[in-house]
Structure formats: structure tokens, C-alpha cells
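Asker: One structure, pasted below without further comment.
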There are 2 protein chains.
Amino acid sequence: MTIDQSRAEATRARLLEAAVQAFAERGFHGTSTRDIAAAAGMSPAAVYVHYRSKEQLLDQISRRGHELTLQLVRDAVAAEISPTEQLAAAVRSFAAHHARGHTTARVVNYELAALSPEHAEEIRALRREISAEMRSLVERGVADGSFDCPSPRIAATALLSLGIDIARWYREDRTWSPEDLGDAYAGVALRIVGAR
Amino acid sequence: MTIDQSRAEATRARLLEAAVQAFAERGFHGTSTRDIAAAAGMSPAAVYVHYRSKEQLLDQISRRGHELTLQLVRDAVAAEISPTEQLAAAVRSFAAHHARGHTTARVVNYELAALSPEHAEEIRALRREISAEMRSLVERGVADGSFDCPSPRIAATALLSLGIDIARWYREDRTWSPEDLGDAYAGVALRIVGAR
């Protein structure tokens, strides 16, 4: 990477961070490109050198957030042997990630309706992959006798809900660290699927 | 109630409904009083006859939503004898309510940061009451041996999260009716608390 390229990278990162803060505070529709530019210490015109629109910033934030979450779940499945260990690892990591990055996770999960139809469809495809990973993990556990649960689909929905909703309520001043919460929710997850 | 009073009531209800739709679609900060007036077929000036501000509309929506949810939980506790039946009834009713009224519930749960400090504090007090009801229900179950769970506080947090997050993902075209979802989540809740 040349110096110019790495400067451009740093500027884009600063803009994404400013956009996350602004969207989390005032929502996508309550934020102007001018607000984001000001928060990043730039002119609105300078923003357009890096991003075509406010919507493209939201798309980048959403895409990275969803790709990272999908990767977390896949890494947990790859790192462990039994469905019980895989589920505990996936939920622990999912929950801790949503606590640690709760501001970004709020934008990633609650501003999807503001995406363009094309971007919304791509993000929905990523969400379907995350759901499918979680559901197939629960189904594998039921199939090999590790789990006992009446509806893997309901269980997977509940597990994802628990993780995502952390973004809504978690704040740094809470009793639990992201890691404590991850451990506790791994236990809750094993109960939901009826781990033996 | 006189005819004038009941007309004013009907107008206020229409404004609240228009505000719910607008806030759910574009967020509080992305919605103007003019948008709400237009959706209710009124002039902006006519809105101010009934509500002092856009924030007062949000406060009314939040307050009613939280009071209703608190009542649902208290009704379930009052209607049933054992902690197991109380918890199943509370979660069933909470989940079905959040599915049925998912648009309102999104505004009620995701726009709290836009309330004035005074209103926000009052709504937080209602939320603390809802949490306390749920936690004390779990604690009663643990105390009388109906439930077996390592942390009633984590369990109560998870139970509320499951119900609230329904507002984010539920749409009418889903496989589950609000009642099916309520039944399924009552089962999930009993697993989370380790009901015997």
C-alpha cells in the first residue's frame, strides 16, 4: 500500500466510525451527510470522495457487521468437536461480540430498513446464512442425541434473538463484562436446546 | 363524555397511530411534526392543539406500551397459582403481544433515547418494574423448588430479551401466528429457568 492509499484507508475508517456514532444516536434518517462529515472533521464534499452516499456508509457498516458475525459462528463450529461445545462457543462469542460492540451492533441490526433494495437483499442473504448456520448446528445436535428440543427452528430463533438484543440493552456500566455475559448466555443456550 | 370530548379522543388516537407509523419507518429524528400531521390528515397547527410536541407523542406511545406490558406480566402472575404456570402465562402473553403489535413495540423499545430526560426517567422506572416482576417470578420459582437456575437475574434478562426482540424480527408473513410463537416461547422460558 502506498502512503496515499493508507491515508485514504484511515479516512474511510474515520468516516465509518463517525457514521456509526451518528446513526446510533439519531438514526439513519435523522442524520445528514453533513453531520457525519463534521464528526469526522471533514467537509461534506470530502466525504463524497470516499463514499457515494450516506446509504453506502450504512451498507458498509451493515455488511462488515454481518460478515463478522457469520465468521464468528463458523469459527466456533470449526474450532470445536461436539455440537454442545460448538453451540457454547458460538453463543459465547456472539454474545460477547454484541456486548463489546453494542453501538455498532445497534446500527447493524436496527437500521436495515434504510438500505437500498439491492443492498437490503444482500444483507438479508447474509442474515439467512447466519440463521442457517445456527439452525443446522442445533439440528446436528438433535440428530446425534446431544440436544433434545421440540423445534430447532424456534431454538435457533431464540438463540439469535438473545445475542442481537444485547446490542439494545448493554452498556459498559452493567454488572457483567462482555465475557461474563458470553459465559452466562452459553449456559442459557445449552438449556434452550436441551443439551444432555 | 360529550361529543366534543369523544371527537378529541378520536383525533388523539389518530395522531398516535400516525406517529407510530412514522417513527417506525423513519425513526423519531427522521420524522417531522409535519409528516405526522399529513399522515393523520391534519395541519401541523392542529397537531399542537392535542400534543405540545413530537416528543410528547413519543412519550405517550412509550408510556402506554410499557404500562400495558407491565400489566400483562402482573395479570399472568395474578391469574395462575404456581411459578411454572405464572411464567408460562407471562411469557406467552408478552411474546404474543410483541408479535401482534410489533410496529408499536419497535417504537416503544428502540426510540427511548429520543425522550426528554424527565420522560426517559419515568419510562426507565416502568422498565425497572417490568424487570423486577420477571426477576421476582423467577426467584419465587427457585425458592419453592419449581425452577433450578444458576442466575435468576440472567434468566430474567434473557426472558425479557426474547420477548422484546420479537418486535425487531416479527412480520405477519412469518410461519408462526402470535399465539403459536407465544406457546413456543413459553416452552423456551421453562427451559431457561430449569422448570422441573
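Asker: Going through the range B:159-196 one residue at a time, which ones are at pLDDT 95 or above, over 16 Å from the mean Cα position of the chain (by Cα) and more than 15 Å from B:A96 (Cβ to Cβ)?
Answerer: B:L190, B:R191, B:I192, B:V193, B:G194, B:A195
Asker: Considering only residues that are touching a helix residue (DSSP H, G or I) at 6+ places or on another chain (Cβ under 6 Å) and either surrounded by fewer than 19 Cβ atoms within 10 Å (Cβ to Cβ) or not β-branched (V, I, T) (or both), which ones fall in the range A:62-76?
Answerer: Correct list: A:S62, A:G65, A:H66, A:L70, A:L72, A:A76.
Asker: Just to verify a result, which residue in the range B:77-98, among those that are not in a helix (DSSP H, G or I) and not hydroxyl-bearing (S, T, Y), is surrounded by the most Cβ atoms within 10 Å (Cβ to Cβ)? Let's see the steps before the verdict.
Answerer: Our first condition is that a residue be not in a helix (DSSP H, G or I); within the range B:77-98, this holds for B:80-82.
Within this subset, residues satisfying the condition of being not hydroxyl-bearing (S, T, Y) are B:80-81.
Details: B:E80: 15, B:I81: 7.
That would be B:E80.
Asker: Considering each residue of the range B:25-60, count those that are closer than 16 Å to B:A113 by Cα and surrounded by 21 or more Cβ atoms within 10 Å (Cβ to Cβ), and give that number.
Answerer: Selection size over the range B:25-60: 7.
Asker: Only one of these conditions is not met by A:R64: (1) away from chain B (no Cβ under 14 Å); (2) of a type outside the set (A, V, I, L, M, F, W, C); (3) more than 21 Å from A:A167 (Cβ to Cβ). Which number is it?
Answerer: (3) is the only condition that A:R64 fails.
Asker: Now a separate question. Which residue pairs have Cβ atoms under 8 Å apart, sit 6 or more places apart or on different chains, and have a first residue in the range A:151-178 that is closer than 19 Å to A:R106 by Cα and a second that is of a type in the set (D, E) and modelled with pLDDT of 95 or more?
Answerer: Listed by first residue and then by second, the contacts come to A:S161/B:D165; A:L162/B:D165; A:I164/B:D165; A:D165/B:D165; A:R168/B:D165.
The values are calculated or read from the model by the stated rules, or taken from the named source; none is laboratory data. Keep in mind that what you see is a predicted model, and the values were worked out from it rather than measured. Using ideal geometry, Cβ is built from the backbone for each residue, glycine included, and neighbour counts are taken over all protein chains shown.
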